[in-house]
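Colleague: The structure under discussion is supplied below as structure tokens; questions concerning it will follow.
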Ligand code: COA
Ligand code: AMP
């Protein structure tokens, strides 16, 4: 039996021994009583009784172990022409000071703090300061509109919000403060304070009594120490798109998270403490939480915080420049970033200008890695291109070719095998396990490993309903896929109403809720259609009311603006088709997956429950007219 097989088996058959060993890498203030607490299924908790502090493990511990002068963060911002390095010692001091400032404003263990920030080191400082105090951060991606931020404020009920005056998106400067003010206006819950980091590009006006400038908030604050928390206490809440307009508040605990992420750095990513690790994502997404901030710091690496794009900042050589300048060992990004580079520099001319010998691996996740992009990246970089599959809910990889464990031959289109800890199975709609080679629903046998979501924020019922109830004993991932005869898993895409646009997870249900508010819209459906560049794009189908007040073009423009203003530019909702009717089942369910198959030119069966099959022909015709469907 190979190393992978022994480790994998142990993780499933003897999780206490497997994860107990991994937990030795973490500094515990009080040892845990048991590794896995399975006394209350379907809720499982890891390292119950143990106490630790995640910030201590990510910063102070490394200083104690002699890494104080090593860079913790390299902030590389081509959009502001800045490179700044921050050592572990400096970062710990900044974090302790900011934690002191938060504490002075009344933030204590268990309080929530929303962080609405661009990709600047202060975002990391704010997150780690919360962890230091045992406060629960909830980072909201800067590309979300005020309405989305307001929904998260009302759910998390933060005592305080940390934000910045602006973000810099390529050549655009986006003012954050007016968006924050608007969100607070829209929300029913009001934070007591906001701390605003004023960037040189924009100086925001502050609301007297509520808002404090970052410098003012930290001036004279006493550095705070690390507050021990229970392993099972929440470290953060990260909202993610579900099938409705209400996002789900994924909870991450402290103990299991620290153990699993530290394990993953060695075994999935094959890096060593001291190496430079770069996840080109955003702190607003799970990849940013896990692999820009927590995992590299827990493991004593140097993490790169990159405020730029793969192209246009200034050119498609941007990634190669960062790799060569900072000696990056492992790069992690979404396939869409590589499609962006390939589109602008298909022959890799820019790559020739840089020495990227430090790069040993490219890891890709966030959406399906199409074989074309895999081959291109692999030919260009000549290092292993490792596809791995995970979700906001799991916080780390479910399936991967674990580079630090045992390397398997890469098969384009597959993220290889389940990572130790995850018992992945393919089931049918009745929950019956499917043999290798048969496509079905991808589920995981409970319990999930440490680091994965223990529940949704203050909503155990929704947690059960969303993930556990459809197939008792399993966590349902929402993805479809299959295993091949060698045990490689293939993830073919979501089977629900979640879509993935440029590696960004979005809900078509949320877009439908916005569109349905238009006074001339009688009914609508939004589906994700395949796109060569962004993976998927949302496409709307709209049935207008009789005697609509506005013309079709004006309505379309309204819908595009409404989605942009209410969800955010990141939704990239640019197109809708006006149709006479929507295809439905006899019970009134809109046949979105059939519409998606038609749009993507895939084979589809006319569902036996369809109300009127003729409508599908009309939909096919409308899609063809704008270039979708079978070629
Ligand atoms: N704040 C404000 N607006 C933002 C934003 C942010 N943090 N992030 C994106 N937006 C805006 C963009 O400016 C764009 O606005 P526009 O319609 O006015 O042009 C819109 O949201 C759509 O953004 P995006 O889909 O990212 O398109 P893009 O053309 O700007 O960039 C890629 C495309 C592929 C280069 C970029 O999405 C990318 O690098 N993705 C891969 C990495 C990644 O983020 N992965 C996430 C999980 S791993
Ligand atoms: P997110 O929660 O934003 O990480 O999105 C999770 C979803 O992205 C998964 O449920 C998958 O649909 C998709 N996804 C992530 N990584 C991969 C991958 N490597 N291959 C295929 N799909 C992926």
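Colleague: Taking the condition assigned to a loop (DSSP other than H, G, I, E, B) and within 30 Å of residue 218 (Cβ to Cβ), does residue 106 pass?
Modeller: yes
Colleague: Could I ask something else about it? For residues in region 266-280 being touching a residue at least 60 places away in the same chain (Cβ under 8 Å) and either under 17 Å from the mean Cα position of the chain (by Cα) or not in a loop (DSSP other than H, G, I, E, B) (or both), which is nearest to ligand 2 (Cβ to nearest atom)?
Modeller: 267
Colleague: Go through 162, 173, 202, 207 for me and flag whichever is buried (at least 21 other Cβ atoms within 10 Å of the Cβ) and either in contact with a strand residue (DSSP E or B) (Cβ under 7 Å, 6 or more places away or on another chain) or free of Cβ contacts under 8 Å to residues at least 40 places away in the same chain (or both).
Modeller: 162
Colleague: Quick check on this structure: which one of 286, 311, 322 is surrounded by 22 or more Cβ atoms within 10 Å (Cβ to Cβ) and near ligand 1 (Cβ under 9 Å from one of its atoms)?
Modeller: Going through 286, 311, 322 in turn, just one is surrounded by 22 or more Cβ atoms within 10 Å (Cβ to Cβ) and near ligand 1 (Cβ under 9 Å from one of its atoms): 286.
One line per residue, one yes/no per condition, for (1) within 23 Å of the chain's Cα centre (by Cα); (2) surrounded by fewer than 21 Cβ atoms within 10 Å (Cβ to Cβ):
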{"position": "76", "(1), (2)": "yes, no"}
{"position": "80", "(1), (2)": "no, yes"}
{"position": "83", "(1), (2)": "no, yes"}
{"position": "89", "(1), (2)": "no, yes"}
{"position": "99", "(1), (2)": "no, no"}
{"position": "128", "(1), (2)": "yes, no"}
{"position": "131", "(1), (2)": "yes, no"}
{"position": "148", "(1), (2)": "yes, no"}
{"position": "155", "(1), (2)": "yes, no"}
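Colleague: Residue 315 is checked against (1) outside any loop (DSSP other than H, G, I, E, B); (2) in contact (Cβ under 8 Å) with a residue 12 or more places away in the chain and fails just one. What number does that condition carry?
Modeller: If we test residue 315 against (1) outside any loop (DSSP other than H, G, I, E, B); (2) in contact (Cβ under 8 Å) with a residue 12 or more places away in the chain, just (1) comes out false.
Colleague: Next question, about the same structure. Anything in region 225-242 that is within 16 Å of residue 460 (Cα to Cα) and modelled with pLDDT under 95? List them, or say none.
Modeller: Within region 225-242, just 242 meets the criteria.
Colleague: How about region 335-434: which strands (runs of 3 or more DSSP E) wholly inside it have at least 2 residues that are assigned by TED's automatic domain parsing to the domain that holds residue 470 and more than 27 Å from residue 531 (Cα to Cα)?
Modeller: 424-427
Colleague: Follow-up. Does residue 125 satisfy the criteria of being touching a helix residue (DSSP H, G or I) at 6+ places or on another chain (Cβ under 6 Å) and either away from ligand 2 (no atom under 16 Å from the Cβ) or not in a helix (DSSP H, G or I) (or both)? Outline the logic, then answer.
Modeller: Working: touching a helix residue (DSSP H, G or I) at 6+ places or on another chain (Cβ under 6 Å): yes; either away from ligand 2 (no atom under 16 Å from the Cβ) or not in a helix (DSSP H, G or I) (or both): yes.
The answer is yes for residue 125.
Colleague: Taking residue 182 as the residue in question, decide whether it is more than 16 Å from residue 221 (Cβ to Cβ), in contact with a helix residue (DSSP H, G or I) (Cβ under 8 Å, 6 or more places away or on another chain) and in contact (Cβ under 8 Å) with a residue 24 or more places away in the chain.
Modeller: So residue 182 fits the description; yes.
The values are calculated or read from the model by the stated rules, or taken from the named source; none is laboratory data. Small disclaimer: the values here were computed from a predicted structure and weren't measured. Every residue, glycine as well, gets a Cβ built from its backbone with ideal geometry; the counts of neighbours run over all protein chains shown.
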